[in-house]
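These notes are about the structure you will find just below.
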Amino acid sequence: ARDYYGGTKDLATLKAVQRTLQYCMEVQLKEAIATGYKMEFNGDETEICQAVNVTQAGTVMGGSICQADWSMSSIAVCAASLDFYIKYLEARGDDVANYRNGQTGTTLNLKTELANLLKAMDDDFWRTDVPEIPDGFHDAFRIKKTNAWPLRRTVNFTLMPVYFGTPYDPARKAKDVSAMAHY
């Protein structure tokens, strides 16, 4: 819907699928808010699902990279979705500062929620402890049970177009691209 609207500016079609757009956004927000803006892998990461945390030598260290770990990609997807949804609601003339979430019955300021998601990307996934990349980068996940970093980088290239579509700091995006190129 985001890409369709970006290419066509066809608001009528989006209005026709309003209930679906609303559900998809609200279920993501419900989860994000309930977990303090940490989100588990959402199933879109099928290329790494069932993978395990391993050393460079291939020794299994425990901690799966699927459904049980905190996912930076899931937060990025939620942020991109919410950024689009805010623009869509504003185009309709809706008040995004007093949005009623049908999933929870709460009233939300959607721009505040977007800021919370973007802050969580840094709070939970920005790391500066890798000597090869001292300027820092976003890592793909944290092990939920221990909050440990992965021992080996996992770069999810298929979600990069969504990540680039977030209203996230361009300088941080550039550092992430540099970190990916390194690996």
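The values are calculated or read from the model by the stated rules, or taken from the named source; none is laboratory data. All values derive from a computational prediction rather than experimental measurement. All Cβ positions, even for glycine, are placed from backbone atoms using ideal geometry, and neighbour counts span all protein chains on display. All accessible areas refer to the heavy atoms of the entire protein, side chains included, with ligands and DNA or RNA removed. Shrake-Rupley method; radii C 1.70, N 1.55, O 1.52, S 1.80 Å.
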query = Taking the range 80-91 only, how many residues are loosely packed, with under 15 Cβ neighbours inside 10 Å and in contact with a Lys or Arg (Cβ under 7 Å, 6 or more places away or on another chain)?
reply = 0
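Just give me the residues in the range 162-183 being surrounded by fewer than 18 Cβ atoms within 10 Å (Cβ to Cβ) and modelled with pLDDT under 75, in sequence order.
HIS182, TYR183 - these are the residues of the range 162-183 that are surrounded by fewer than 18 Cβ atoms within 10 Å (Cβ to Cβ) and modelled with pLDDT under 75.
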remark   = Residue count, the range 124-140, condition outside any helix (DSSP H, G or I) and over 15 Å from MET180 (Cβ atoms), comes to 4
inquiry  = Can you tell me which residue is least open to solvent (accessible area, probe 1.4 Å) among those in the range 92-127 that are more than 16 Å from PRO167 (Cβ to Cβ), of a type in the set (A, V, I, L, M, F, W, C) and modelled with pLDDT of 95 or more?
reply    = LEU108
query = Restricted to the range 150-161, and to residues that are surrounded by fewer than 18 Cβ atoms within 10 Å (Cβ to Cβ) and not in a helix (DSSP H, G or I), which residue is modelled with the highest pLDDT?
reply = LEU151
message = Taking the conditions exactly as written (open to solvent by 70 Å² or more (accessible area, probe 1.4 Å), within 13 Å of the chain's Cα centre (by Cα) and at pLDDT below 90), does PRO131 satisfy them or not?
response = no
ask   = Regarding ALA80, is this residue in contact with a helix residue (DSSP H, G or I) (Cβ under 9 Å, 6 or more places away or on another chain), touching a residue at least 60 places away in the same chain (Cβ under 8 Å) and under 29 Å from GLY7 (Cα atoms)?
value = yes
key: Complete set of residues in the range 54-86 that are at pLDDT below 80 and among the small types (Gly, Ala, Ser)   = ALA57, GLY58, GLY62, GLY63, SER64, ALA68
